[in-house]
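The values are calculated or read from the model by the stated rules, or taken from the named source; none is laboratory data. Source: prediction; values computed, not measured. Heads up, the Cβs are rebuilt from the backbone with ideal geometry, glycines too, and the neighbour counts pull from every protein chain shown.
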Amino acid sequence: MNVQHYLNIKRVARRTQNHMWFRVPNQIFFNMNAVENLTQFPSTTTIIVTNPALEQIGHVDIVRRHMCPKTHVHVCIIPDAEPEVKVIDQGVEALNFYQADQIIALGGGSMIDAAKIMKLKYESPEADLQELAAPFLDLRKRVIEYPKGKAQRARLVAIPTTSGTGSEVTPFAVLTDKERGRKVTLADYSLTPDVAIVDPQFVMSMPKGLTADTGIDCLTHALEAGVSNYASAYTDANAMQAIRLVFKYLPTAFASPHDEEARCMMHNAACIAAMAFSNASVGVNHALAHAFGARFHIAHGKANALMLPHVMAYNAAVPTKFMPSPYTKGYVAHKKYATVADLLGLGGQTVPEKVEKLIAATEQLLDQLGFPRSIAEMGIPRDEFEGAIPEMVKAAFDDPSWRSNPRMPLMQELVELFWKAYEGRGTARLAAVQPQAV
């Protein structure tokens, strides 16, 4: 017996961080004429998944020109801009009929997402899409496992024709459920395309409206990945570079559509931002945009633009409720935004000043691209919007996108964000003082 026995000593386990990850397709080809690399991938039978417009303007012919001559090529035309379940089933039927060993997705994010789900159902016919869409907190800790056994195997090559979604390198796929008026999000690294070809020749003819929509989608990906609870030094490097490229080149790509350098840099920015959010995920901005876009049939990029300044101010303020995460020791979203402001040379002495300037610069960019300043400006009646609020809030809260948001949204806060977007930007300001580290 000695003095140590009288000391009240407690031993507790030391908290350690979970292991993190950074995954991207093992082959990404980029810059002008990158499509020539298709010759590296021999195939007996290839299905090209695309839409009628891209076939008419000759993009399908460009792809065919650079494929192995002995390959049997069949084109699967998807007429809908946002494919639904029955369209996916038709694509799977074509894959089974031709016994394809390669799928080339040529199109925007919706087209590539459709090809991902076609590949999933082709290789694993028993896959239940509604079951696989079950919500989760961590991609590596799912309750519902994606199928491991493959009835067929097909290489998926993604060739984006827009500069925004980054679907060519992501493990996500969004499917429109028109019967329920909502979007279903699937997420698993098995959905990631095997090869990505980021060739700007396919975006040189993008109209101004699509350039703006997809460019802001890219910016939203990068900003949300930058402040995500899953952010790391690896994802930050990609997110920050993508943000810098968007602010520098998007106005030029919008004003001068045939500027090859601007188009090339924006196409690369979209892919770089996607590599960031593929590993850090996105946030509440996407949850709101998915719900609002599905309910009122608004383009995804435009829906993101309407929410973005308000969500940035929301994330930079003192949280009502923190999002629990083993990857962060304190609330740093406001500091991350300040770092972005420094990168862009926006000025400001304190963190709140820098965040204010970043929000103002974002609003200025949105104005420059011709986005409406409010939902009201789009002609949606106030009473109709008010009536849709409960449904949209539920859809946004059920959306897995916000699970990595630095601030855990309360239902009432989602309502407030929707109303701020309805009233319009220019009012997006910090709601409180700089949050303290916790």
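Please go through the stretch 88-123 and give me each residue that is of a type in the set (Val, Ile, Thr) and within 27 Å of residue 203 (Cα to Cα), ordered by number.
Of the residues in the stretch 88-123, the ones of a type in the set (Val, Ile, Thr) are 88, 92, 103-104, 112, 117.
Result: 88, 103, 104, 112, 117.
Among the candidates 269, 231, 253, which residue alone is among the hydrophobic types (A, V, I, L, M, F, W, C), at pLDDT 95 or above, under 17 Å from the mean Cα position of the chain (by Cα) and crowded, with 24+ Cβ neighbours inside 10 Å? Outline the logic, then answer.
Details: 231 fails: at pLDDT 95 or above; 253 fails: under 17 Å from the mean Cα position of the chain (by Cα).
After applying the criteria, what remains is 269.
Residue 353 - would you say it is in contact with a Lys or Arg (Cβ under 6 Å, 6 or more places away or on another chain), surrounded by fewer than 22 Cβ atoms within 10 Å (Cβ to Cβ), modelled with pLDDT of 95 or more and of a type outside the set (A, V, I, L, M, F, W, C)?
no
In the stretch 320-335, what residues are touching a Pro at 6+ places or on another chain (Cβ under 7 Å) and part of a loop (DSSP other than H, G, I, E, B)?
Listed by number, the residues that qualify are 323, 331.
(1) crowded, with 19+ Cβ neighbours inside 10 Å; (2) not in a loop (DSSP other than H, G, I, E, B): which one isn't true of residue 409, the others all being true?
Tallying (1) crowded, with 19+ Cβ neighbours inside 10 Å; (2) not in a loop (DSSP other than H, G, I, E, B), residue 409 fails exactly one: (2).
Return a yes/no flag: does the stretch 84-96 have any residue that is under 25 Å from the mean Cα position of the chain (by Cα) and assigned to a strand (DSSP E or B).
Among the residues of the stretch 84-96, not one is under 25 Å from the mean Cα position of the chain (by Cα) and assigned to a strand (DSSP E or B), which makes the answer no.
Mind listing whichever residues of the stretch 290-320 are under 14 Å from the mean Cα position of the chain (by Cα), hydrophobic (A, V, I, L, M, F, W, C) and at pLDDT 95 or above?
Answer for the stretch 290-320, where residues must be under 14 Å from the mean Cα position of the chain (by Cα), hydrophobic (A, V, I, L, M, F, W, C) and at pLDDT 95 or above: 303, 305, 308.
Need the failing condition index for residue 399 against (1) out of contact with any His (no Cβ under 6 Å at 6 or more places or on another chain); (2) of a type outside the set (A, V, I, L, M, F, W, C); (3) surrounded by 18 or more Cβ atoms within 10 Å (Cβ to Cβ), just the number.
Unmet for residue 399, out of (1) out of contact with any His (no Cβ under 6 Å at 6 or more places or on another chain); (2) of a type outside the set (A, V, I, L, M, F, W, C); (3) surrounded by 18 or more Cβ atoms within 10 Å (Cβ to Cβ): (1).
Please tell me if residue 76 is in contact (Cβ under 8 Å) with a residue 12 or more places away in the chain and either in a loop (DSSP other than H, G, I, E, B) or among the hydroxyl-bearing types (Ser, Thr, Tyr) (or both).
No.
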